[in-house]
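Just below is one structure, and these are the notes that go with it.
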């Protein structure tokens, strides 16, 4: 996993929170992916190619959410990760993916 070297101190703090949440979930962060900042909205994200969603923290707070992106039309769905397991997040994302393929 690559960590963007241009992160400011608050963005690095949020990156640490994302890594901590990924660890809580049992995600393997040793694969291909990155931590960076979405330039259009300022969110700090953790994207790993081995998972059908990414984790992110909103610019204004420290609430960690998962984001699933529709590969057909770019629409996104979000879910708060608090209290969820990796299995539930994967099921959520795979269900959304199946629904997008059926549409």
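The values are calculated or read from the model by the stated rules, or taken from the named source; none is laboratory data. Remember, it's a predicted structure, so these values are computed and weren't measured experimentally. Cβ atoms come from the backbone with ideal geometry, glycine included; neighbour counts cover every protein chain shown.
Suppose we keep only residues that are part of a loop (DSSP other than H, G, I, E, B) and modelled with pLDDT of 95 or more within the stretch 1-28. Which one would you say is surrounded by the most Cβ atoms within 10 Å (Cβ to Cβ)? It comes out as 27.
Tallying residues that are under 22 Å from residue 19 (Cα atoms) and out of contact with any strand residue (DSSP E or B) (no Cβ under 8 Å at 6 or more places or on another chain) within the stretch 63-83 yields 1. For the stretch 39-50, state whether one or more residues are under 14 Å from residue 93 (Cα atoms), assigned to a loop (DSSP other than H, G, I, E, B), under 11 Å from the mean Cα position of the chain (by Cα) and at pLDDT 95 or above. Yes - at least one qualifying residue is present in the stretch 39-50. The single condition among (1) closer than 25 Å to residue 2 by Cβ; (2) in contact with a helix residue (DSSP H, G or I) (Cβ under 8 Å, 6 or more places away or on another chain) that residue 85 does not satisfy is (1). Can you tell me which residue is surrounded by the fewest Cβ atoms within 10 Å (Cβ to Cβ) among those in the stretch 63-94 that are in contact (Cβ under 8 Å) with a residue 60 or more places away in the chain and not in a loop (DSSP other than H, G, I, E, B)? The selected residue is 86.
Looking at the stretch 43-62, which of the residues that are more than 17 Å from residue 16 (Cβ to Cβ) and out of contact with any helix residue (DSSP H, G or I) (no Cβ under 9 Å at 6 or more places or on another chain) is surrounded by the fewest Cβ atoms within 10 Å (Cβ to Cβ)? That would be 60.
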